[in-house]
Amino acid sequence: MNTQSTPKAISKNALEAYRSAKNVIIEDVVSQSLANKEQIQQHGAEADKLIRSGIQFTMDMLESAMTVGAVALLEDQLTWASDRLPHDNVAPEHVLARFRICRDCISKNLSDAYAAEIVPFIDWMIARQNELMKDDA
Amino acid sequence: MTIDIAYSEYLVGENPLSELATEYLDLLLRSERRIASQLILDTVNEGVDVKDIYLHVFQRSQHEIGRLWQTNQVNVAQEHFCTASTQLIMSQLYPYIFSTERNGKRLVATCVGGELHEMGVRMVADFFEMAGWDTYYLGANTPVKSILESIEAQSADILAISATITFNVNATMELIDAVKASSVGKSAKILIGGRPFNIAPNLWQTVGADGFAMDAQQAIQTADDLLS
């Protein structure tokens, strides 16, 4: 996936499946993210709360962008985050790692058919995050 | 206290009121709300249009405050103070805002449920008042049921909806669907605005709105076009 391609808006059934599985996916992503001690040690006792709110935000943002088929919404948020998150001790590579975990958890928790509609959006985010990291390097 | 911040082009570049906007934001960042208030009141009394103050001072300084927090040059408390101060100062301009002859048209203006950024839609409501509309401003995070009841109770010609955060686009669609499925959907036209709609082309059509506006000034024209 590169950022030149634009995924289509997902179907109502895929959206419904995503919403039904969202809480499970979030728990799965948070759990795997917290397991990466090197990436969370700077947050101390706040790690769970910070990671959880970030993943919730990501999943909510993704839901809106997928529903209307607008990657411009993801672009805007990723650009914003690249300026803001380092000040919250969240490095760009941490964001990238968590996007990849999101991708894996979505694929694991949804049917192949629904995951096939949704994963292109996460792939777009991963590609864009890589671009932003190269721009800042 | 000196403010050692390099403001963006949006605030100080192509801004017909760049000096005023800079002075205003400097005052707020120095916590000098009373002086900032007097500055604005004096400027209006000298003949500067309230609408220009809204567009070129308040809107631009709000945008700048958001950028300054994003880049960690101000903290959350400072951002909240500046926003609250601007809201207070806007309220002090209401004798000027409510002075226009009424045109018989009615607006309900609201943020979508879950949306807390209300300044933009408040400015829209005030612009409509200045244009002679009767406005019913609901503020932030209003439930769908209350919005529908308000449209009916106010006999609104236009429902103006604002969403600033990306993830509220879905809530916007759900609100629009609810309005169009209800009895009030037959009469009230839906106007939408906010950052997601500024950055994603034609998103306003995808979510089912009748019209879109980039700012408060454009909203008046779009609303008049929808009712013509």
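The values are calculated or read from the model by the stated rules, or taken from the named source; none is laboratory data. Predicted model only: the values in this text are computed from it and were never measured. A quick note on method: Cβ atoms are made from the backbone with ideal geometry, for glycine too, and the neighbour counts reach across all protein chains shown. All accessible areas refer to the heavy atoms of the entire protein, side chains included, with ligands and DNA or RNA removed. Shrake-Rupley method; radii C 1.70, N 1.55, O 1.52, S 1.80 Å.
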Can you quote the Å³ per residue value for the convex hull of the Cα atoms in chain B, rounded to an integer? 125 Å³
If contacts are Cα pairs under 8 angstrom and at least 6 residues apart, what is the relative contact order of chain B in percent? 15 percent
Restraint check, B:Lys105/B:Lys180; B:Lys145/B:Lys189; B:Lys51/B:Lys105; A:Lys49/B:Lys145; A:Lys37/A:Lys134, Cα-Cα greater than 23 Å: A:Lys49/B:Lys145; A:Lys37/A:Lys134
Expected unfolding gain across B:Asp42-B:Glu79 under the 0.36 nm per residue rule, minus the alpha-carbon gap, is 10.9 nm
Quick check: at a probe of 1.4 Å, how many percent of the accessible area of the protein assembly as shown sits on carbon and sulfur atoms? 50 percent
Rounded to the nearest 0.05, FRET efficiency between A:Leu96 and B:Arg102 (Cβ-Cβ, R0 45 Å) equals 0.20
Charge sum, other residues only, whose C-beta stays under 12 Å from B:Ile176's C-beta, Lys/Arg counted +1 and Asp/Glu -1: -1
Paramagnetic label zone (point 7 Å from Cα along Cα-to-C-beta, B:Glu19; backbone N under 17 Å) in segment B:51-66: B:53, B:56-57
Cubic angstrom per residue, convex hull over Cα atoms of the protein assembly as shown: 154 Å³
Residues of segment B:121-228: accessible area per residue at 1.4 Å, in Å²? 40 Å²
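On average, how many beta carbons from a partner chain sit within 10 Å of the beta carbon of a residue in A:66-72?
5
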So, R0 is 35 Å and r is the distance between the beta-carbons of B:Thr71 and A:Glu38; what FRET efficiency does that work out to, to 0.05? 0.85
At a Förster radius of 25 Å, what calculated FRET efficiency corresponds to the Cβ-Cβ distance of A:Asp83 and A:Asp112, to the nearest 0.05? 0.10
In whole angstrom, largest first, the equivalent ellipsoid semi-axes that the Cα gyration tensor gives for chain A are 23, 18, 12
Please work out the Cα convex hull volume for segment B:26-99 and give it in Å³ per residue. 77 Å³
Hits for chain B under the membrane-span-like helix rule (DSSP H, Cα axial span at least 20 Å, Kyte-Doolittle mean at least -1.0) are B:76-91
Show the residues, 5+ positions off or on another chain, whose built amide H is closer than 5 Å to the amide H of B:Ile192. B:Ile161, B:Gly211, B:Phe212, B:Ala213
Under the 7 Å Cα-to-Cβ spin-label approximation, B:Asp4 and B:Asp134 lie apart by a distance in nanometres of 5.5 nm
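So how strong a dipole does chain B carry about its Cα centre when Lys and Arg Cβ are +1 and Asp and Glu Cβ are -1, to the nearest 20 debye?
Charge dipole of chain B: 580 debye, to the nearest 20.
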Using θ = phi - 60° and the Karplus curve 6.51 cos²θ - 1.76 cosθ + 1.60, what whole-Hz ³J(HN,Hα) does each residue of segment A:13-24 get, with Gly and Pro shown as x? 5, 5, 4, 4, 5, 4, 5, 5, 8, 4, 5, 5
Accessible area buried at the A-B interface, both sides summed, 1.4 Å probe (Å², nearest 100): 1600 Å²
Env charge @ A:Asn13, Cβ radius under 12 Å, K,R +1 / D,E -1, value 0
Tilt, helix A:112-136 to longest principal axis of chain A (alpha-carbon atoms), in degrees rounded to tens, equals 40 degrees
Report the one residue of B:Val144, B:His56, B:Leu93 whose Cα lies farthest in the direction of the positive end of the charge dipole of chain B (charges on C-beta: Lys and Arg +1, Asp and Glu -1; origin at the Cα centre). B:Val144
Per residue, how much accessible surface does segment A:29-137 expose to a 1.4 Å probe? Answer in Å², no decimals. 45 Å²
Can you give the local net charge around B:Ser150? Use residues other than it whose beta-carbon is closer than 14 angstrom to its beta-carbon, Lys and Arg +1, Asp and Glu -1. -2
When the accessible area of each residue in segment B:185-217 is compared between its chain alone and the complete protein assembly (1.4 Å probe; ligands, DNA and RNA ignored), which residues differ by at least 20 Å², being lower in the assembly? B:Arg195, B:Ile199, B:Ala200, B:Leu203, B:Thr206
Within segment A:1-21, name every residue whose backbone N is under 13 Å away from a label modeled 7 Å from Cα of A:Glu131 along the Cβ vector. A:1-7
How large is ³J(HN,Hα) for each residue in segment B:92-104, as worked out from phi by the Karplus curve 6.51 cos²θ - 1.76 cosθ + 1.60 (θ = phi - 60°), to whole Hz, x for Gly and Pro? 6, 8, 4, x, 7, 6, 8, 9, 8, 5, 6, 10, x
